[in-house]
Amino acid sequence: MKIWKRIGAMAMVTAFSALALTGCGGGSSSGGDSASSDGWNIGYVNLADTDVFCMARESALTTELDGTGYSVSFSDGNNDNQKQIDQTNAFLAKGVDALILVPADSDAIAPAISAANSNGTPVICLGIKANSGDFTFVGSENYDSGHMQGEYMAENLPQGAKVLYLAGTAGLQHSADRRQGFKDALSEAGRDDITILADQDGDYVKDEAMRICDAWIQTYASGGKADFDAVVCANDQMALGAVESLKGAGLLTNAGEILITGVDGSDDGLKAVKDGYMCQTVLQDAAGQAKATHEVLEKLKNGETPDKEIIVPFQSVTKDNVDEYLK
């Protein structure tokens, strides 16, 4: 049977020579047909298994490649730059045919890509671009997702509106790109009247978003009334945290009272849009990225040179079109 494996964090402590002999640790997470004689072994270094979209993309790739002759071993980078480098080196020592990296940081991943390049192992950066090295990028332009949020808010917020911005992890390029896209869209629309009251890093985590929003409510709400019109979030998990916080404070008793937007198009995010508690999610197409990754792998396997970038567009999802995306 085709085996899909996950490397636990402790497995990275094992010497690379041992890894080469024993393979990557972890249990099977999916199965498929027997591997063909020309099957390829792929090492996949994830950004973080705690990230809902990252895991949705892993699942989509598993489904896409099932029965195609590829064997993929997954590892959890846990948002740790050095861990991602170590995991890459472990995969190279094991002799994988290709690497898929979801960088925690566009600059810090450079040694991992350099090691793969020196080894002659092709690299796909999935979802997040690296700033150096030889690789193929498959993913969506993070700037565009923020820009779509800004376009929506520019069209739907009243004059003099006030916004709270829940950013992704500080220092990461995709977090900065989403924020900049949002701000640029407001500026391009001539909405200088919109004020960003606060901008804080929520680490893409629901619980952290709830904590931040609880604190914001103490500052920007009184008498059961919010002194802000929207919460713009860099992903759906933070947007859902904002929804829970506002509901808990009695500030979101009816859908649409405060405009809340996120990114990813997660199942829960889409449902919140359907129910009206989120006004928008910007869908990041996990299945589309998985399909494009498969196409790149096929070209690499056949000795062809893939395009340097394969862009899978984001899609704005609102109450007007959410039914098209709900499963």
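The values are calculated or read from the model by the stated rules, or taken from the named source; none is laboratory data. Source: prediction; values computed, not measured. Every residue, glycine as well, gets a Cβ built from its backbone with ideal geometry; the counts of neighbours run over all protein chains shown. Surface accessibility is based on the protein's heavy atoms, side chains included, excluding ligands, DNA and RNA. Shrake-Rupley method; radii C 1.70, N 1.55, O 1.52, S 1.80 Å.
Observations on the model:
- Complete set of residues in the stretch 229-278 that are in a loop (DSSP other than H, G, I, E, B) and of a type in the set (A, V, I, L, M, F, W, C): ALA234, ALA249, LEU251, LEU252, ALA255, ILE258, MET278
- When the strands (runs of 3 or more DSSP E) confined to the stretch 46-134 are screened for residues that are of a type in the set (Phe, Trp, Tyr) and within 25 Å of GLN237 (Cβ to Cβ), those reaching at least 1 such residues are found at 70-76.
- Some residue of the stretch 222-238 being without any contact (Cβ under 8 Å) to a residue 60 or more places away in the chain, touching a Cys at 6+ places or on another chain (Cβ under 9 Å) and of a type in the set (A, V, I, L, M): no
- Contact map, the stretch 281-300: residues that are of a type in the set (Asp, Glu) paired with residues that are buried (at least 23 other Cβ atoms within 10 Å of the Cβ) and outside any loop (DSSP other than H, G, I, E, B), Cβ distance under 9 Å, separation 6+ or inter-chain. Pairs shown: GLU295/VAL138.
- Matching entry among ASP76, ASP86, ASP80 (being more than 16 Å from the chain's Cα centre (by Cα) and more than 17 Å from GLN284 (Cα to Cα)): ASP86
- Boolean, ILE128 is open to solvent by less than 40 Å² (accessible area, probe 1.4 Å) and under 13 Å from the mean Cα position of the chain (by Cα): yes
- One residue alone among GLN200, GLN180 is under 19 Å from GLN237 (Cα atoms) and free of Cβ contacts under 8 Å to residues at least 40 places away in the same chain, and that residue is GLN200.
- Residue count for the stretch 135-187 under the criterion of being part of a loop (DSSP other than H, G, I, E, B) and over 26 Å from ALA108 (Cα atoms): the result is 5.
- Candidates GLY168, GLY150, GLY146, filtered to the one that is touching a Gly at 6+ places or on another chain (Cβ under 6 Å), on the phi < 0 side of the Ramachandran plot and surrounded by 21 or more Cβ atoms within 10 Å (Cβ to Cβ): GLY146
- Among the residues of the stretch 112-151, those that are in contact (Cβ under 8 Å) with a residue 40 or more places away in the chain, charged (D, E, K, R) and over 19 Å from GLN82 (Cα atoms) comprise GLU141, ASP144, GLU151.
- Any hit, the stretch 242-254, residues being buried (at least 24 other Cβ atoms within 10 Å of the Cβ), under 25 Å from GLY181 (Cβ atoms), of a type outside the set (Val, Ile, Thr) and touching a Ser or Thr at 6+ places or on another chain (Cβ under 8 Å): no
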